[in-house]
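Below: one structure, written as C-alpha cells.
The values are calculated or read from the model by the stated rules, or taken from the named source; none is laboratory data. All values reported here derive from a predicted model rather than from experimental measurement. Quick reminder, even Gly has a Cβ in these numbers, built from the backbone with ideal geometry, and neighbours come from all protein chains shown. Surface areas here come from the heavy atoms of the whole protein model, side chains and all, with no ligands, DNA or RNA. Shrake-Rupley method; radii C 1.70, N 1.55, O 1.52, S 1.80 Å.
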Amino acid sequence: MTARLKGAVIGCGFFAQNHLHGWADLDDVEIVAVCDVDEAKARAAAEKFGITRVYTSAKTLFATEALGFVDIPTTMETHEALAGLAFAHGVPVILQKPFAPDLDACRRIVAAAAAANVPLMIHEDFRFQNLSRTVRKILDSGELGRLTFGRLSWRTGIDVYSNQPYLANVKRFMIMDVGIHLLDLARFLFGEADGVFCRTQQIKEGIAGEDAATILLSHEQGATSILDFSYATRRDPDPFPQTLGEIEGTEGTLVIGADQVLTVHGKGGTRRIAVPQDGRAWTREPWTQIQDSVVHTQRHFIDSLRSGVEPETSGRDSLATYALLEAAYLSAASGRLIHPERLV
Ligand code: NAD
Ligand code: 89Y
C-alpha cells in the first residue's frame, strides 16, 4: 500500500471545513496537524476531524512537524508570508484562491517557490467540478467543431456576507472572488485569451467593491467568450453556486443548464446529459457541486506531488489567470480593451 502523505492545514475557518472533510476522504493522505491564529477554531477542527496536534503559529508548526505538504485555506493577504515559510522548509504548498491581492504578489510567490524548488498549486476548484470535466471531454471530442462562442454565467442573490463577512470590505470584490473562478474556467474550456474588456457594477449599497461584472474575452484560438457574474441577482430558484451558460462551435452547441444538465446539439442530433454528483456523506446542498470539486482538486494536487508532474493550476500556470484579472480591473477602470501579458 502507498505510504500516507502527511500534511497540515493552516487556517480552520469557514471554507477550510470542506478541505478537512476532503482530506479525510483521501486514503493516501493524513492530516497530522492544524494551525489557526484563532486557537478555538484550530481546536474545534482538530476535535471534529480527529487531528492530534494543534498550533496557533505557522512558524512553530513548520519548525516542529515533518510535512509532505501544507494546505493553506486562509484569505489571500496571508498567502505570501505563509507560503514563504513553507518554501523555507521545503514543504509543497496548495494555496486557496484568490492567489494574492495583485499580480505582482502572485509573481513574487511563484519566484520564491521556484527558487526553493518547491511545488505550488492554487486551489482553483471550478475546473475540477464534475460538470467542467464533462464539458471539457465533449469539447475535446470535436463534436462541436471549432469553438466560436462561450458564455459562462454565475448569478445569485445569496447572502454571501454572512459566511464570508470580509467580502463586504474588499475593494477588489467580485472579480477576485468569483470572476477568478470563471476566468480560470474560460482558460480551461476555450484556451488562452489575448483581449479583455470589462464593466463592473456596485449594486448593493455600503460595500467597498463591485458586486457584479461582465467580462468579454477574445481567445487566441478564435472564440469570443462572455463571463457574467453577480451577487445582486434576485432569481427564483436561485442557482447558487452553479455556472450556467452555452458554448457554440461550427458544428453544434452545448447548453449548460440548471442542476448539472447539459444539452448537446451536434450533427448526430440532440441529447441531454445529467452530470452526477459524487454522493459524499458530508456534502450539503446547495454546496455539493463545490464540495465535490474540493476533493477532486486535492486529489489532483496529491497525484501531481506523487508523479512529479506540474499540476494544472500550478502557481506558474495561475499567473495567466491573474493576468486576466488585472486586465479586467484595468479595463473596467479605463473603459478600454486590454491585451494582457502572455504569461504561460
Ligand atoms: P475565514 O476567515 O473563515 O477563514 C480563514 C482562517 O484563517 C481564519 O480562521 C483565520 O483565523 C485563519 N488565519 C488567518 N491568518 C492566519 C495565519 N497567519 N495563520 C494561521 N491561521 C490564520 O475565511 P474563509 O471564508 O474560509 O475563506 C478562506 C479563503 O477561501 C478565501 O480566500 C476565500 O476566497 C476562499 N474560498 C474559496 C471557495 C471556493 O470555492 N474555492 C469558497 C469559499 C471561500
Ligand atoms: O467565495 C465564493 C467562492 O469562491 O465560491 C463560492 C463562494 O464561497 C461564495 O460565492
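Go through the range 285-327 residue by residue and tally those that are farther than 26 Å from Val9 by Cα and within 16 Å of ligand 2 (Cβ to nearest atom). Even if it seems obvious, please write down each step before you answer.
Applying the first criterion (farther than 26 Å from Val9 by Cα) to the range 285-327 yields 320, 323-327.
Going one step further and asking which of them are within 16 Å of ligand 2 (Cβ to nearest atom), we end up with 325.
So the count comes out to 1.
Checking the conditions here, which among Leu85, Leu95 is at pLDDT 95 or above and open to solvent by 30 Å² or more (accessible area, probe 1.4 Å)?
Result: Leu85 is the single residue among Leu85, Leu95 that is at pLDDT 95 or above and open to solvent by 30 Å² or more (accessible area, probe 1.4 Å).
If I filter the range 306-325 down to residues being in contact (Cβ under 8 Å) with a residue 40 or more places away in the chain and open to solvent by 40 Å² or more (accessible area, probe 1.4 Å), which single residue comes out as farthest from Asp104 (Cα to Cα)?
Per the criteria, the residue is Arg306.
Can you list residue pairs whose Cβ atoms sit under 6 Å apart, with the first residue in the range 148-168 being within 28 Å of Leu262 (Cα to Cα) and the second being open to solvent by 40 Å² or more (accessible area, probe 1.4 Å) and at pLDDT 95 or above? Count only pairs 6 or more apart in sequence or on different chains.
Thr148/Glu248; Phe149/Thr224; Phe149/Glu248; Arg151/Ile226; Arg151/Glu246; Thr156/Asp238; Gly157/Arg234; Gly157/Asp238
Would you mind finding the one in Ala33, Ala42 that is assigned to a strand (DSSP E or B), in contact with an Asp or Glu (Cβ under 8 Å, 6 or more places away or on another chain), open to solvent by less than 60 Å² (accessible area, probe 1.4 Å) and of a type in the set (Gly, Ala, Ser)?
Details: Ala42 fails: assigned to a strand (DSSP E or B).
Only one candidate qualifies: Ala33.
What are the residues in the range 283-338 that are acidic (Asp, Glu) and not in a helix (DSSP H, G or I), if any?
Residues of the range 283-338 acidic (Asp, Glu): 285, 292, 303, 310, 312, 317, 326.
Selection gives Glu285, Glu310, Glu312.
State all residues of the range 56-85 that are closer than 25 Å to Asn163 by Cβ, more than 8 Å from ligand 1 (Cβ to nearest atom) and not in a helix (DSSP H, G or I); if no residue qualifies, say none. Outline the logic, then answer.
Residues of the range 56-85 that are closer than 25 Å to Asn163 by Cβ, as a first pass: 56, 58, 70-83.
In the following step, the residues that additionally are more than 8 Å from ligand 1 (Cβ to nearest atom) were identified as 70-72, 77, 79-80, 83.
Hits for the range 56-85 are Val70, Asp71, Ile72.
What residue, of Arg107, Arg133, Arg127, is touching a Leu at 6+ places or on another chain (Cβ under 9 Å), closer than 18 Å to Arg187 by Cα and not in a strand (DSSP E or B)?
Working: Arg107 fails: closer than 18 Å to Arg187 by Cα; Arg133 fails: touching a Leu at 6+ places or on another chain (Cβ under 9 Å).
The conditions single out Arg127.
With Leu144, Leu139 as the choices, which residue is more than 28 Å from Ile338 (Cα to Cα), away from ligand 2 (no atom under 15 Å from the Cβ) and open to solvent by less than 30 Å² (accessible area, probe 1.4 Å)? I'd like the intermediate steps shown before the answer.
Details: Leu139 fails: more than 28 Å from Ile338 (Cα to Cα).
Every option except Leu144 fails the conditions.
Does Ser218 meet the test of being closer than 15 Å to Ala328 by Cα, assigned to a strand (DSSP E or B) and more than 20 Å from the chain's Cα centre (by Cα)?
Numbers: closer than 15 Å to Ala328 by Cα: yes; assigned to a strand (DSSP E or B): yes; more than 20 Å from the chain's Cα centre (by Cα): yes.
So Ser218 passes the test.
Among the residues of the range 160-175, what is the count of those that are assigned to a loop (DSSP other than H, G, I, E, B), away from ligand 1 (no atom under 11 Å from the Cβ) and in contact with a helix residue (DSSP H, G or I) (Cβ under 9 Å, 6 or more places away or on another chain)?
The first filter runs over the range 160-175 and keeps only residues assigned to a loop (DSSP other than H, G, I, E, B), leaving 164, 170-173.
Okay, now just the ones that are also away from ligand 1 (no atom under 11 Å from the Cβ), so 171-172.
Right, trim to in contact with a helix residue (DSSP H, G or I) (Cβ under 9 Å, 6 or more places away or on another chain) and you get 172.
Total satisfying the criteria: 1.
Limited to the range 243-262, what total is found for residues that are open to solvent by less than 30 Å² (accessible area, probe 1.4 Å) and not aliphatic (A, V, I, L, M)?
Residues flagged as open to solvent by less than 30 Å² (accessible area, probe 1.4 Å) and not aliphatic (A, V, I, L, M) within the range 243-262 amount to 6.
Given the conditions (1) under 21 Å from the mean Cα position of the chain (by Cα); (2) at pLDDT below 95; (3) not acidic (Asp, Glu), report the number of the one that Phe240 does not fulfil.
Single failed check for Phe240: (2).
I'm trying to understand the selection: among the residues of the range 194-215, which are in a strand (DSSP E or B) and either within 18 Å of the chain's Cα centre (by Cα) or free of Cβ contacts under 8 Å to residues at least 60 places away in the same chain (or both)? Can you show your working first?
Of the residues in the range 194-215, the ones in a strand (DSSP E or B) are 194-201, 212-215.
Of everything in the range 194-215, those that are in a strand (DSSP E or B) and either within 18 Å of the chain's Cα centre (by Cα) or free of Cβ contacts under 8 Å to residues at least 60 places away in the same chain (or both) turn out to be Gln201, Ala212, Ala213, Thr214, Ile215.
Failed condition for Phe190, given (1) more than 13 Å from ligand 1 (Cβ to nearest atom); (2) more than 26 Å from Gly315 (Cβ to Cβ); (3) without any contact (Cβ under 8 Å) to a residue 60 or more places away in the chain, with all others met?
The failed condition is (2).
State all residues of the range 13-42 that are within 16 Å of ligand 2 (Cβ to nearest atom) and farther than 10 Å from Asp71 by Cα; if no residue qualifies, say none.
Gly13, Phe14, Phe15, Gln17, Asn18, His21, Gly22
Scan the range 178-195 and tell me whether some residue there is of a type in the set (A, V, I, L, M), open to solvent by 20 Å² or more (accessible area, probe 1.4 Å) and touching a strand residue (DSSP E or B) at 6+ places or on another chain (Cβ under 9 Å). Working first, answer last.
The first filter runs over the range 178-195 and keeps only residues of a type in the set (A, V, I, L, M), leaving 178, 180, 182-183, 185-186, 189, 193.
Now restrict to residues that are open to solvent by 20 Å² or more (accessible area, probe 1.4 Å): none.
Checked against the condition, which is being of a type in the set (A, V, I, L, M), open to solvent by 20 Å² or more (accessible area, probe 1.4 Å) and touching a strand residue (DSSP E or B) at 6+ places or on another chain (Cβ under 9 Å), the range 178-195 yields no hits at all.
Considering the range 104-129 alone, what residues qualify as being surrounded by fewer than 17 Cβ atoms within 10 Å (Cβ to Cβ) and either of a type in the set (Asp, Glu) or farther than 27 Å from Gly90 by Cα (or both)?
Asp104
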